[in-house]
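Participant: Have a look at this one.
The values are calculated or read from the model by the stated rules, or taken from the named source; none is laboratory data. The shown structure was predicted, so the numbers you read here are calculated from the model rather than taken from an experiment. Methodologically, a virtual Cβ is constructed for each residue, glycine included, from the backbone with ideal geometry; neighbour enumeration extends over all protein chains shown. Quick note on the areas: whole protein, heavy atoms, side chains included, nothing else; ligands and nucleic acids left out. Shrake-Rupley method; radii C 1.70, N 1.55, O 1.52, S 1.80 Å.
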Amino acid sequence: SASPGTKVPVRLAASVYDPKSGRGMDLLTDAPGVQFYTGNFLDGSFTGKEGVRYKKNHGFCLETQGFPNAVNTPSFPNVILRPGQTYKHTTVHRFYVRPPQS
């Protein structure tokens with residue numbers, strides 16, 4: 001497998017779309033993996049902007065990265081960074097709006 005920092009082209013890794021608002025986002029990356037987090041632990045006790053209380057599933061996060069446990073799984077892309085090596089990866093968040101669906 002390639003060493004960390006080896007340049008590979010970005011590719012579509014995830015796409016999200018809200019048909020009610022028409023907002024969407026494509027996530028492109030050259031990283032091998034994407035971690036998907038949800039707000040399942042949010043219980044309304046955290047207050048955000050303008051007094052909005054964050055509740056279960058009020059948001060999500062897509063984090064590009066190497067594969068978890070890659071250091072112990074030879075078939076996964078290498079994530080070990082040796083002295084003198086530089087780590088770099090590219091992530092593109094491409095936002096768009098389409099007419100909302102009713």
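Participant: Just add up the charged neighbours of Phe95: K/R +1, D/E -1, any other residue whose Cβ is under 14 Å from the Cβ of Phe95.
Facilitator: Cβ neighbours under 14 Å give a net charge of +1.
Participant: State whether region 20-70 is rounded, prolate or oblate according to the following rule on the C-alpha gyration tensor (a ≥ b ≥ c being the square roots of its eigenvalues): a/c under 1.5 gives rounded; otherwise a/b larger than b/c gives prolate, and the remaining case gives oblate.
Facilitator: The shape class here is oblate.
Participant: Given a 1.4 Å probe, how much area per residue of the chain is accessible, in Å²?
Facilitator: Spelled out: the 1.4 Å probe surface of the chain, per residue, equals 75 Å².
Participant: Let me know the whole percent of all Cα-Cα pairs from the chain that are separated by more than 21 Å.
Facilitator: Working: 2742 of 5151 pairs.
Every Cα pair in the chain considered, those over 21 Å come to 53 percent.
Participant: Would you work out the relative contact order for region 38-102, in percent, from Cα pairs under 8 angstrom that are 6 or more residues apart?
Facilitator: About 19 percent, as a whole number.
Participant: In addition: For region 26-102, which whole-number percentage of the solvent-accessible area (1.4 Å probe, protein heavy atoms only) is attributable to carbon and sulfur atoms?
Facilitator: 56
Participant: Under 25 Å Cα to Cα from Lys88, which lysines show up? Leave out anything in the same chain fewer than 8 places away.
Facilitator: Lys7
Participant: On a full-extension model of 0.36 nm per residue, what is the gain between Thr86 and Asn72, subtracting their alpha-carbon distance, rounded to one decimal in nm?
Facilitator: 2.9 nm
Participant: Please give every one of the lysines within straight-line cross-link reach of Lys55, meaning a C-alpha to C-alpha distance under 24 Å, and leave out same-chain neighbours fewer than 8 residues apart.
Facilitator: Lys20
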